[in-house]
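The values are calculated or read from the model by the stated rules, or taken from the named source; none is laboratory data. Since the model is a prediction, treat every value here as computed from it, not as a measurement. All Cβ positions, glycine included, derive from the backbone under ideal geometry; neighbour counts span all protein chains shown.
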Amino acid sequence: MIASFRAENLKSRKRWANWILIGILLAWILLLTYLTLFLVVTLSPKSIQGPVPASLLKRRLFPENFVPTVLGAAGTIGAAIMLIFGALSTASEFGWLTVQTILIQKPTRAAVLLGKFLALAGATLLIGILVFGAAALASFAAVTLDGSSSSWPAWEVMLKGFGALLLQLTIWAAFGAFLGIAFRSTAAAIGGGLTYLFVGEALLGGLLRNTPIVRDVLRFLPGINGDAINAAFPVTIRDSAGQTQLVNAGRGVITLVVYLVVFTVLSLLIFQRRDVGGS
Amino acid sequence: MVLAQTLAVETHGLSKRYSTGVLAVNNLDLRVRAGEVYGFLGPNGAGKTTTLRLLSGLLHPTSGTAVVAGAAPGSPASLARLGAMVETPAFYPYLSGRDNLRVVARYASVPRSRIEPVLKLVDLTDRARHKFKTYSTGMKQRLGVAAALLKAPDLLILDEPTSGLDPQGTIEMRALIKELKQGGRTVLLSSHLLNEVELTCDRVGVIAKGQLVAEGTVDELRARSGGSALLIRATPLDQARRLVESMVKPEQVRLDGDALLLSVDPSQAASINRRLVSDGVDVSELRVSEQSLEAVFLELTETPQK
C-alpha cells in the first residue's frame, strides 16, 4: 500500500488538472466570497437590500465569523471540485488503460486501491489546509483594511471547523473516486456526480425539503448532513432567517463517516472482482 | 534470478468466457519452459491477448488453473518475477517517459537506479524527458518494454511487440527480444506475424478459437504439415490444376500466388511433370519447396483456402 501511495503522490503532484482544480476552489473563496462581498459593502453599501445593514454584513468576512464563512463558501463548490478530483484520480486510469500497467506491478489490487485512497486523503488534507489558510488570510486582510477590530474564534472551534471542512471534502472526493471505479469513465463519473450534487441534492432537496417523504430521504444524503454540521458554527450576525436543519451535527458526522466507509468498501469490492480489459 | 522450475508458465484447462457469452479461451493447456522464447501465434481474435491477460492476473478465469513464474497469476509472488506489456503500452500522457517509469518503479518497489539502464537498453534516453503523449508508436512500444524490464523479471510477456512499428523499428525490436533472452530469461511473445516468431522464437504454440492447436519448434510444425511440397509454375494454370487434382487428392493441391503447391512426396515430381507436358501444359518451374510457416499456420487455424 505504501508503494502505491508513493506512486499516486507522484502522479497527483505532476498532474496540472489537479492544480487547476485547487486554483479554482481558492479563487472562488478569495475572489467571489471575500473580495466581492468586501468591495460591495465597502464601495457601494447602499446597494445592499435586506434586513442587515452593510456595515454589519461586512462582519461576516471578519475573523469572528471565519469558520462559518469558510464552511459556507467551500460548501457546494468544494463538493463539486473534490468530486471531480476524486473521479479524475480513478476514472482516468481506465480511460488511459494505465490500470493494467499498475496491476501488473507488485501490489495486490486492494493495496493499489487503498494506496490511491490514502493519497487522495493526503491531497484532501492539503486542499483543506490551503482553503483554511487562504480564508484566514482573507479574513485578516478584510478586518485590517476596514480598520475594525475582531477576535479569532477559539482554537477548539477552529480545530472543529477544520475537521468539519476536511470531513466534507473527503466524502465528496471518495464519492467521485467511487463513481470513477463504478463507471470506468471520467465523463460519466463527473457528469453523474455533478448531476446528483446540483440537481439531486441542491435543487430537488431545496424544492421538496418540506415534503414529508422527501424529507425522510434527505436526512440520509451527504449534502444535507454536511449542512447540518456547518450549522453548528453559527455566524455572529443573522443575515437571513436561516434554514431549519433536518438532522443535528452529531448525526451529520456519523452519517458522513458511514458514507466514507461505504464508498471505500464498495470501491474495493468492485475493483477486486472486475476484469481489466477484454470484452 | 532464473526460474528454478522447468516451466515458467503452466496452464491446465484454462478457459475464459466473457459476460457477453464469447468463449475467448477454451480449455487451454499451455507449457512454456524456463529460459526459452516462446511464440504464441494465432490470427486476430484467436484468444492470444485474453490468455496473456489471464496469465498477468488482469482477468479472472472462468475455469482452469495457471501457474505463472511459480505462483498464481496476479499474486504478488508471481507479479514480482513477471514483466509484461499486454496489448497497448499504457502510460500517463501528461508525464514524461522517465516520470512514467518512476511511477511504475514506485508501484513495483524497484530502486530508481533501474530507470536509466532500461531507458538506455530500449534507446529512449534522449527522449525520456519528453511527455508520453508526444511519443511515436515505436517509442511507446519501447517504453512499454522498458517498463516491463524494470523489475529485471524472470518471465517477460510481450503482446504483439512489433505492432504498429515501421520496418526499422521492427528489426530493432526483434534484436532487442533476442537480447532480452540473455541470462536465461523466459520470453512469452504473442504475434500474428509468422516471420516474427520464425525469426525470434525457440518454440511456437498456435492458438485458434481459444484452443492450442499445435505446439513445437518451427521445424516440427513444418514437418507435421508434410514438411516439404512441390511447387509447380505452369501455363495454363487452371488446366494444370485439374490435371494434378486428378493425380493426387484435391485437398493436397493449393494455389500459392501464380503457382500450385502440392503437399505430396517430392519423388512424384517426374510423373507429374510427364503428365502435364503430355497434356499440352507448359511447365516453367517444378521444384521442391519447403513448407512455409504460413502454410502450416493456415492449415492449423483452418483458414479457408483460395
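Filtering region A:142-157 to residues that are in contact (Cβ under 8 Å) with a residue 12 or more places away in the chain, in a helix (DSSP H, G or I) and surrounded by fewer than 18 Cβ atoms within 10 Å (Cβ to Cβ) leaves A:Leu145, A:Asp146, A:Val157. Taking the residues in region B:29-60 that are within 15 Å of B:Thr301 (Cα to Cα) and touching a Ser or Thr at 6+ places or on another chain (Cβ under 8 Å) as candidates, determine which candidate is nearest to the other protein chains (Cβ to nearest Cβ). Among those residues, the one meeting the criterion is B:Lys48. The criterion of at least 2 residues that are within 14 Å of another protein chain (Cβ to nearest Cβ) is met by the following helices (runs of 4 or more DSSP H) wholly inside region A:1-46: A:2-14, A:16-27.
Mind telling me which of the residues B:Gly164, B:Gly138, B:Gly169 ends up being in contact with a helix residue (DSSP H, G or I) (Cβ under 6 Å, 6 or more places away or on another chain), on the phi > 0 side of the Ramachandran plot and of a type outside the set (Ser, Thr, Tyr)?
Details: B:Gly138 fails: on the phi > 0 side of the Ramachandran plot; B:Gly169 fails: on the phi > 0 side of the Ramachandran plot.
After applying the criteria, what remains is B:Gly164.
Among the residues of region A:222-245, is any closer than 27 Å to A:Phe85 by Cα, surrounded by fewer than 16 Cβ atoms within 10 Å (Cβ to Cβ) and either under 17 Å from the mean Cα position of the chain (by Cα) or of a type in the set (Asp, Glu) (or both)? Looking through region A:222-245, none of the residues is closer than 27 Å to A:Phe85 by Cα, surrounded by fewer than 16 Cβ atoms within 10 Å (Cβ to Cβ) and either under 17 Å from the mean Cα position of the chain (by Cα) or of a type in the set (Asp, Glu) (or both).
Look at region B:265-294 and say how many of its residues are touching a Leu at 6+ places or on another chain (Cβ under 7 Å) and modelled with pLDDT under 80. Qualifying residue count, region B:265-294: 5.
Checked against (1) in a helix (DSSP H, G or I); (2) within 14 Å of chain B (Cβ to nearest Cβ); (3) not hydroxyl-bearing (Ser, Thr, Tyr), A:Phe162 meets all criteria but (2).
Considering only residues that are over 30 Å from A:Ser139 (Cα atoms) and under 17 Å from the mean Cα position of the chain (by Cα), which ones fall in region A:67-92?
Going through region A:67-92, the residues over 30 Å from A:Ser139 (Cα atoms) turn out to be A:87-92.
Within region A:67-92, A:Ala87, A:Leu88, A:Ser89 qualify.
For region B:66-86, the set of residues classified as facing chain A (nearest Cβ under 7 Å) and surrounded by fewer than 20 Cβ atoms within 10 Å (Cβ to Cβ) consists of B:Pro76, B:Ala80, listed by residue number.
Taking the criterion of being among the charged types (D, E, K, R) and more than 8 Å from chain A (Cβ to nearest Cβ), the only residue of region B:87-103 that qualifies is B:Arg98.
If the condition is being more than 10 Å from chain A (Cβ to nearest Cβ), assigned to a helix (DSSP H, G or I) and buried (at least 20 other Cβ atoms within 10 Å of the Cβ), then region B:105-137 contributes B:Ile115, B:Val118, B:Leu119. If you go through region A:201-230 and keep only what is acidic (Asp, Glu) and over 17 Å from A:Trp172 (Cα atoms), you end up with just A:Asp216.
List the number of the failed condition for B:Lys48; all other conditions in (1) farther than 23 Å from A:Thr108 by Cβ; (2) charged (D, E, K, R); (3) surrounded by fewer than 20 Cβ atoms within 10 Å (Cβ to Cβ) hold. Of (1) farther than 23 Å from A:Thr108 by Cβ; (2) charged (D, E, K, R); (3) surrounded by fewer than 20 Cβ atoms within 10 Å (Cβ to Cβ), only one is false for B:Lys48: (3). Mind checking whether some residue in region A:93-116 is within 28 Å of A:Val276 (Cα to Cα), in a helix (DSSP H, G or I) and within 20 Å of the chain's Cα centre (by Cα)? Yes, region A:93-116 contains a residue that is within 28 Å of A:Val276 (Cα to Cα), in a helix (DSSP H, G or I) and within 20 Å of the chain's Cα centre (by Cα).
Inside region A:47-68, can you point out the residues that are of a type in the set (Gly, Ala, Ser) and assigned to a helix (DSSP H, G or I)?
Within region A:47-68, the subset of a type in the set (Gly, Ala, Ser) is A:47, A:50, A:54-55.
Across region A:47-68, the qualifying residues are A:Ser47, A:Ala54, A:Ser55.
When the test is whether a residue is touching a residue at least 60 places away in the same chain (Cβ under 8 Å) and surrounded by fewer than 16 Cβ atoms within 10 Å (Cβ to Cβ), A:Ser55 does not pass it. Right, A:Val261: assigned to a helix (DSSP H, G or I), surrounded by fewer than 17 Cβ atoms within 10 Å (Cβ to Cβ), more than 14 Å from chain B (Cβ to nearest Cβ) and free of Cβ contacts under 8 Å to residues at least 60 places away in the same chain or not? The answer is yes for A:Val261.
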